[in-house]
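These notes are about the structure you will find just below.
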Amino acid sequence: MANFGAVGMDWQQRINWDRMRTYRLERARERMKAHGLGAMLLMYDENIRYVTATLTPGWCKLKPGLRYALLCGDDAPVMFEQGDVGFQLERHSPWIPKENVKHAFPWIKGAAGPASIMQVTKFTKGIKEQMKKSNVSGMKLGVDFVDINMVQVFKDEGIEWVDGMTPMMEARAIKNVDEQECMRMVGAIGDAAHWECMKFLRPGLTENQVTAHIMEFLYNIPGIEDVEDVIVSSGPNTWPNWRNFSDRIIKPGDIVFIDLAALTWNGYKSCYYRTYCVGREPTQEQKDVYATALKWLYDAIETVKVGVTTRDIASKWPSAMETWGYEDEDQAAANLWGHGLGLAQYDTPVISRIWSLDFPVEIRPGMVFALETQHGKKFEWGVRIEEMLIVHEDRIELISGFPVEQITVVDPVPGYSKFLK
């Protein structure tokens with residue numbers, strides 16, 4: 001579990017942020033060079049954060065190009081910041097050389113209309129200037145995002161652009177000791193949030209009221225930057241799992257599951273399901289189905305160790321065709337699932353029978369990922385559970401600590417009708 005508190009102290013090192021920033025930058029640079037790239041243009045929040053250790057405000061995150069970073073050769077990263085926010089960046093992030101803080105040239109995914117080409121042309125010329133300054137002109141430029149406006153201007157300006165997301169995925173997959181401690185903190189916050197769920201849940205609340213309560217709980221924790229979603233599904237919403245919340249009223253005896261989907265502490269994200277039964281003990285059938293999902297989960301967890309592959313893990317899960325009568329594995333996407341966690345909710349590896357059986361990825365020390373399973377009765381009830389873990393050279397460390405061996409029962413009251421589903 002988390003070793004230290006959430007804030008910095010003079011008497012205890014805790015997370016060494018400078019060491020983490022240096023590790024992330026140099027790891028990105030190493031993967032850039034391994035792929036034969038002279039520079040990388042980064043427009044996705046998780047990649048900008050990884051290389052520059054700067055914060056993307058929530059309103060910017062779905063608008064690539066409002067801010068972007070450029071990593072060229074052996075030079076420090078250049079941050080093209082949104083508008084005049086760069087003046088604040090100089091103050092907040094002194095590890096970025098002042099001369100490397102520029103203003104961005106956005107076109108907002110084409111919302112600039114006929115001005116988009118003009119803006120992309122300025123954007124491209126700024127990139128070329130930096131590449132020339134760093135003596136990497138003419139070399140391949142890795143990009144993690146491209147839109148139709150960029151394609152023609154890059155061609156006109158003679159920029160050879162290639163895949164830059166793969167080297168960034170490779171870099172982000174392996175967490176150093178400080179990133180691992182960040183993930184332990186995420187796990188501890190998740191434990192606390194599920195405990196709060198257990199205390200708050202009761203019949204008569206709506207799913208969105210539970211979501212709102214847990215959102216408020218989380219945003220009161222120091223270091224929380226964002227909560228992408230708190231999924232609360234109850235009764236018939238639990239199977240198939242629609243992965244959302246609504247104004248449905250939670251009824252006595254309902255199965256409810258809750259996912260802390262990307263609570264974000266200092267950039268690092270969670271994915272953390274638990275299943276509850278509100279007001280009564282679950283039926284024997286529900287207990288049996290939960291036991292099946294738990295077995296699927298822990299069969300997979302017990303397979304994880306350095307040197308095995310995602311094929312070994314995914315092969316522990318049954319096929320969607322045999323289990324639910326689905327057309328193919330894609331129809332059960334995310335039902336029996338694994339995915340890397342870090343500055344994005346989907347780091348490498350992503351584990352599924354859809355692709356892992358044929359395209360295995362080796363499990364390596366420093367990987368952090370979640371494994372999750374679910375099962376249920378269509379439009380009646382379902383269960384879902386998830387664990388987060390860190391892979392070490394000689395062991396697996398679980399960082400999700402809320403009880404999981406059985407459905408968590410909230411305020412059981414005797415006397416329910418035997419005909420109540």
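The values are calculated or read from the model by the stated rules, or taken from the named source; none is laboratory data. Keep in mind the model is a prediction, meaning the values are calculated, not measured. No Cβ is skipped: glycine too gets one built from the backbone with ideal geometry, and neighbour counts run over all protein chains shown. What goes into the accessible areas is simple: the full protein's heavy atoms, side chains included, and nothing from ligands, DNA or RNA. Shrake-Rupley method; radii C 1.70, N 1.55, O 1.52, S 1.80 Å.
Assorted remarks:
- I117 vs. criteria of a type outside the set (G, A, S) and assigned to a loop (DSSP other than H, G, I, E, B): no
- F245 vs. criteria in contact with an Asp or Glu (Cβ under 7 Å, 6 or more places away or on another chain), without any contact (Cβ under 8 Å) to a residue 60 or more places away in the chain and either part of a loop (DSSP other than H, G, I, E, B) or at positive phi (or both): yes
- Taken together, the residues in the stretch 105-140 that are under 20 Å from L66 (Cβ atoms) and crowded, with 18+ Cβ neighbours inside 10 Å amount to 11.
- Cβ-Cβ contacts under 6 Å between residues 6 or more apart (or on different chains), taken from a first residue in the stretch 202-214 that is under 16 Å from V227 (Cβ atoms) to a second residue that is modelled with pLDDT of 95 or more and among the small types (G, A, S), are listed as E207/S234; E207/S246; I214/A193.
- W161 farther than 25 Å from R21 by Cα, in contact with a Phe, Trp or Tyr (Cβ under 9 Å, 6 or more places away or on another chain), buried (at least 21 other Cβ atoms within 10 Å of the Cβ) and not aliphatic (A, V, I, L, M): no
- Yes/no for I301 being open to solvent by 10 Å² or more (accessible area, probe 1.4 Å), among the β-branched types (V, I, T), touching a residue at least 24 places away in the same chain (Cβ under 8 Å) and over 28 Å from S356 (Cα atoms): no
- The stretch 333-350 residues that are assigned to a strand (DSSP E or B), paired with ones that are open to solvent by 10 Å² or more (accessible area, probe 1.4 Å) (beta carbon under 6 Å, 6 or more apart): H339/Y346; H339/V350; G340/T348; T348/M169; P349/V361
- In this entry, I214 passes the filter for residues that are assigned to a helix (DSSP H, G or I), closer than 20 Å to G58 by Cα and at pLDDT 95 or above.
- Residues located in the stretch 280-312, provided they are in contact with a Pro (Cβ under 9 Å, 6 or more places away or on another chain) and polar (S, T, N, Q): T309, T310
- Candidates F369, F359: the one that is under 22 Å from the mean Cα position of the chain (by Cα) and not in a loop (DSSP other than H, G, I, E, B) is F369.
- Condition check for F87: closer than 22 Å to V146 by Cβ and not in a loop (DSSP other than H, G, I, E, B): no
- Selection of the stretch 155-186 for residues being within 24 Å of the chain's Cα centre (by Cα) and outside any helix (DSSP H, G or I) yields D163, G164, I174, K175, N176.
- The stretch 249-270, residues that are in contact with a strand residue (DSSP E or B) (Cβ under 6 Å, 6 or more places away or on another chain), closer than 18 Å to V210 by Cβ and not aliphatic (A, V, I, L, M): D254, F257, D259, S270
- Residues in the stretch 248-260 that are open to solvent by 10 Å² or more (accessible area, probe 1.4 Å) and either in a strand (DSSP E or B) or over 14 Å from L201 (Cβ atoms) (or both): I249 only.
- Of note, T166 does not satisfy the criterion of being polar (S, T, N, Q) and touching a Ser or Thr at 6+ places or on another chain (Cβ under 8 Å).
- Residue under evaluation K102, criteria (1) under 20 Å from Y50 (Cβ atoms); (2) open to solvent by 60 Å² or more (accessible area, probe 1.4 Å); (3) out of contact with any strand residue (DSSP E or B) (no Cβ under 6 Å at 6 or more places or on another chain), criterion not met: (3)
- Here Q152 meets each of (1) over 19 Å from L70 (Cβ atoms); (2) modelled with pLDDT of 95 or more; (3) in a helix (DSSP H, G or I) with one exception, condition (2).
- Filter result (open to solvent by 40 Å² or more (accessible area, probe 1.4 Å) and without any contact (Cβ under 8 Å) to a residue 40 or more places away in the chain) within the stretch 216-228: E216, F217, Y219, N220
- Among the residues of the stretch 304-325, those identified as exposed (fewer than 15 other Cβ atoms within 10 Å of the Cβ) and free of Cβ contacts under 8 Å to residues at least 12 places away in the same chain are M321, E322, G325.
- With respect to (1) of a type in the set (A, V, I, L, M); (2) buried (at least 19 other Cβ atoms within 10 Å of the Cβ); (3) part of a strand (DSSP E or B), the lone exception for I189 is condition (3).
- Residues of the stretch 24-43 that turn out to be more than 20 Å from D178 (Cα to Cα) and surrounded by fewer than 20 Cβ atoms within 10 Å (Cβ to Cβ), as a count: 4
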